[in-house]
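The values are calculated or read from the model by the stated rules, or taken from the named source; none is laboratory data. Bear in mind the structure is a predicted one, so any value in this text is a computation, not a measurement. Every residue, glycine among them, receives a Cβ derived from its backbone with ideal geometry; neighbour counts consider all protein chains shown. Remember, those area values only see protein heavy atoms, side chains included, never the ligands or the DNA or RNA. Shrake-Rupley method; radii C 1.70, N 1.55, O 1.52, S 1.80 Å.
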Amino acid sequence: HTTTTYPTARRHVEDAGDKGTETVALCPPGRKARQSAQLPPRPRRFGLERHGEETLMGKYGDDSKLIYELQDQGGELLALRYDLTVPFARYLAMNKITNIKRYHIAKVYRRDNPATTRGRYREFYQCDFDIAGQFDPMIPDAECLKIVHEILSELQLGDFLIKVNDRRILNGVFAICGVPDSKFITTCSTVDKLDKIPWEDVRSEMVGEKGLSPEAADRIGEYIQLHGGLDLIEQLLQDPKLSQNKLAKEGLGDMKLLFEYLTLFGITGKISFDLSLARGLDYYTGVIFEAVLVQQKNNQVEEPVSVGSVAGGGRYDGLVGMFDPKGRKVPCVGVSIGIERIFSIMEQRVKASGEKIRTTETQVLVATPQKHLLGARLKLISELWDAGIKAEMLYKKDPKLLKQLQYCEDTGIPLVAIIGEQELTDGVVKLRVVTTREEVNIPREKLADEIRRRLEPCSLSVQSCLTV
């Protein structure tokens, strides 16, 4: 999947501005929004290379209270970046871009209560993938879901489920249940809590805090506790009330089309049409989705239990127009991968398994078995560096061989290049596989090629490529 990167400064702030003033897409003073052609190539992450203020305030619903606000020396209102979506929309408007496909890895900031064991931080990385432009319905949306499926499958985090819904369907449900238009957004934020608290508590908040009638809350509950696939979509298309709502009918039509494309991708087994999914951010206008890791309650066949969200996104067709002086819209759809949450899960599983984590990218350690061979080590490691091999050595004149080998064990360096008096005489280097302790003599001039041959076929699992 081809893609254009959208890089920005590692730490940047967004205009907060005063409400009621003209919206103009500008960078805050002291930073520059660069286009991808102005930057060097970025490292590949998560397989995305295959897929080809006034700025912040009022875009996140109830989550706006989590924005870090600040002022510069001149008193200008600013805020730390809350996510990568709103700055991306501003960037499109500022540069009059109407068609782009990109991924972006950068830090964001939340004024939240941190819970590091669950991957919840105040400063953390996100990875976003977005497609902007006027395209036929649901084709880009289906690709975003395919990307999420690819990432979670390849990382092998465990069983997962991707929930999908549509804001238009949700708004249609609210309308036919008697919710006033002015309370759609706040009601949506409450519905979004259904995966965290019981329905009784959600209903209580709707009635007690959001001011809905008990009857309206009960009618909403009949819909938002439904989940399924194409059968549920067909059922709702025949619903006598919901089928008469224009927005809901449009949303259900697109949802049916989306499931047809996901069937062609072969991933519907991990997709659930879930009417409780709301995504509390205000800027979503159509399809919304969220990926969660799940586990079975017990050995019996029961519904899976969510153990944490690791990705989320949706369609936001109106956001770019908020930053354009003439209100020109650019349809967009995107997904955000929770890197920190995924890392936390992976670290917990590695710790539980007792598996050692490789802490270095070094491919080979240059070692000597006898004293007075520092010069030989320095010469050999220089040859390997010049050949592009990631090599290192211990910073001692005469380290013991056992200590050098133990260093490889501790740090996960897969190979050792041993150069002793006999090897110097024979014009060879003894290449040792750390995990198996097997050794083979390699002609010195072929050492770099032999290291590459053993390591390059596997980027994730080095050990399986080290057979002699």
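Using only the Cα atoms of the range 336-399, what are the Rg and Dmax in Å?
In order Rg, Dmax, the Cα atoms of the range 336-399 give 17.9, 55 Å.
Averaged over all directions, how much area does the convex hull of the C-alpha atoms of the range 165-215 cover when projected, in nm²?
Working: hull surface 13.5 nm².
So the mean shadow area of the Cα hull is 3.4 nm².
Go through 138, 322 and list them by solvent-accessible area, largest first, probe radius 1.4 Å. Kindly include the intermediate steps, with their values, before the conclusion.
Working: 138 5, 322 90 Å².
Per-residue accessible area, sorted high to low, gives 322, 138.
Please compare each pair in 371/446; 101/356; 183/326; 96/249; 107/210 to a cut-off of 30 Å on the Cα-Cα distance and tell me which ones are over it. Could the numbers behind the result be given before it?
Working: 371/446 25 Å; 101/356 38 Å; 183/326 28 Å; 96/249 33 Å; 107/210 33 Å.
From 371/446; 101/356; 183/326; 96/249; 107/210, over 30 Å: 101/356; 96/249; 107/210.
Give me the mean projected area, in nm² to one decimal, of the convex hull enclosing the Cα positions of the range 349-461.
Values: hull surface 28.9 nm².
Averaged projected hull area, Cα only: 7.2 nm².
What does the charge count around residue 420 come to, taking other residues whose C-beta lies under 11 Å from its C-beta (Lys +1, Arg +1, Asp -1, Glu -1)?
Details: positive: 371, 377, 430; negative: 421, 423, 426.
Summing Lys/Arg as +1 and Asp/Glu as -1 gives 0.
Suppose R0 equals 56 Å; then what is the FRET efficiency for residue 440 and residue 295 from their Cβ-Cβ distance, rounded to the nearest 0.05?
According to the calculation, E is roughly 0.80.
Can you give the Kirkwood hydrodynamic radius for the range 312-368, in Å, rounded to one decimal and based on Cα pairs?
Numbers: mean 1/r = 0.0626 Å⁻¹.
Radius from the Kirkwood sum: 16.0 Å.
Going 7 Å from the Cα of residue 209 toward and past its Cβ, which residues in the range 157-196 have a backbone nitrogen under 13 Å from where you end up?
186-194, 196
With all distinct Cα pairs included, what does the Kirkwood hydrodynamic radius of the range 92-177 come out to in Å, to one decimal, could you say?
Details: mean 1/r = 0.0606 Å⁻¹.
So the Kirkwood estimate lands at 16.5 Å.
Compute the signed sum of charges (Lys and Arg +1, Asp and Glu -1) over the other residues within less than 9 Å, Cβ to Cβ, of residue 440.
On the way: positive: 430, 432; negative: 438, 439, 450.
Once positives and negatives cancel, what remains is -1.
Enter the per residue convex hull volume of the range 214-353, computed from alpha-carbon coordinates, in Å³ rounded to the nearest integer.
Details: hull volume 25.8 nm³, N = 140.
Hull volume normalised by residue count: 184 Å³.
Sort 203, 454, 168 by accessible area with a 1.4 Å probe, largest first.
Working: 203 70, 454 10, 168 45 Å².
Largest to smallest exposure gives the sequence 203, 168, 454.
Please report how far the C-alpha centroid of the range 112-161 lies from that of the range 408-459, rounded to the nearest whole angstrom.
If you average the Cα positions of each part, the centres end up 40 Å apart.
Taking every eigenvalue of the Cα gyration tensor of the range 181-267, multiplying by 5 and rooting it, what semi-axes result, largest first, whole Å? Mind showing how you got there, number by number?
On the way: eigenvalues 148, 48, 26 Å².
Taking √(5λ) for each eigenvalue gives 27, 15, 11 Å, largest first.
Which whole-Hz ³J(HN,Hα) couplings does the range 420-430 yield from phi under the Karplus relation 6.51 cos²θ - 1.76 cosθ + 1.60, θ = phi - 60°, glycine and proline marked x?
x, 4, 5, 5, 4, 5, 7, x, 10, 10, 7
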